[in-house]
C-alpha cells in the first residue's frame, strides 16, 4: 500500500506529461525510473528507463546506461516478461562484461537470471589507452580484456586486408586477462603506418565463434631526423707546413752577393788597394752564412708549429664527424610508434 500514491503520480505523469519527458535529461529520467521501480510501478519504471536510454545520445555515460539496463531488466522480471528481461540483461553484459548486479539491491530471482545470461554469453570488453606513443623496443601498449564468462579467445592485430599482422594471445580467459603489444608485427619489423584492428574472437565450448570485438588502431611511425655531417675545414684554416722555395734562394743569393761585395768593393773603388786577407775572410764568412741559410730554409723544410696546428684542425673535424655519426645511429634506432584508438565495435557470428 505504501507504493500506491507514487504509482498514481507516475501514471499521471506518463499520461499528462509527454513534453516533460522530452525535455528531461537521461540522468533525470533514470532517477524517475528507479523511483518508479522502488514504488513497485514497473510499467512506469519501464517507460522512464527506456526513455533514459533513448535520450543518452551517441556517447552515453556508461554508468547511466548500466544502471538503467539493470533496473529495466529487473522491471521485466517482476512483470513476468522473462524473454524481455533476458534481452536487456544480454545488452547489459555486452555493454560492458564487467557489469554485475548488486545482490543488496536486487533479489535472487533477478540476479540469478542475470548470472545465467552472463554465463551463456562468450564475449569480452577491451580496455586500451586512447592514445599512446611507444618507444619501440622499450615500451608496450597495455591491452586489458574482461570476460563475461570462461571461454577460449584469440587476440591479434589485423591488417586492413584481414590478415593477422601480429598474434598476441590464443587460449582461455576466465575473469580478466592483461596483454601487451610492443608495436612490432609478426616479421619482427615495426608496424608500418596505417589503420589496424585489435581483434578479439571469443569461442563457445563447442568451438563456434560467438562474438568478435575489435578496436581500430591508427599507427604512425615516428623517425627522428638525422644530423648533417660537418663540412671539412676550409683551406683558409690551414697554415703552410713547409717553407716557400723563394726564401732559401734569397738567403743563398743574399749571402753570396754581400760576401762578394765585401771582397771586391774596395778594389773597385781603389784599384791600388790590395785585397787583404781580412776582407777575404769576412766576405767568405758572409757567403758561407748565405749557403747555410739556403740549407736551413731549403725548399720543403717542415714548419713544425704549422704542422701541429693543421693536425689539431683535422682532429677536431674528425671528432665532430664521429660525434654526428654516433648521434645519427642513436636517432635511427630511436623509433617511436604513435597509436590512436577508436571506439570498440562488436559483431556476432551468425550460426545456423
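Any read-out appearing in this document is the output of simple, stated calculations on the displayed coordinates, not a laboratory observation. None of the values given here were measured: they were computed from a predicted structure. Reconstructed Cβ throughout: ideal geometry from the backbone, glycine too, with neighbour counts over all protein chains shown.
Annotations
- Scoring 39-49, 225-235 by mean Cβ neighbours within 10 Å over their residues and listing the highest first yields 39-49, 225-235.
- Ordering of 62-70, 329-337, 102-110 by packing is 62-70, 329-337, 102-110, highest average first (other Cβ atoms within 10 Å, averaged per residue).
- With the simple spin-label model, which puts each label point 7 Å out from Cα in the Cβ direction, the residue 54 to residue 338 separation comes to 4.3 nm.
- Gap separating the Cα centres of region 63-136 and region 222-241, nearest whole Å: 67
- Once the gyration tensor of the Cα atoms in region 124-209 is diagonalised, the equivalent ellipsoid follows with semi-axes of 24, 15, 10 Å, ordered largest first.
- Subtracting the Cα-Cα distance of residue 319 and residue 95 from 0.36 nm times their residue separation leaves 74.5 nm of extension gain.
- With only the Cα atoms considered, region 52-156 has a convex hull volume of 134 Å³ per residue.
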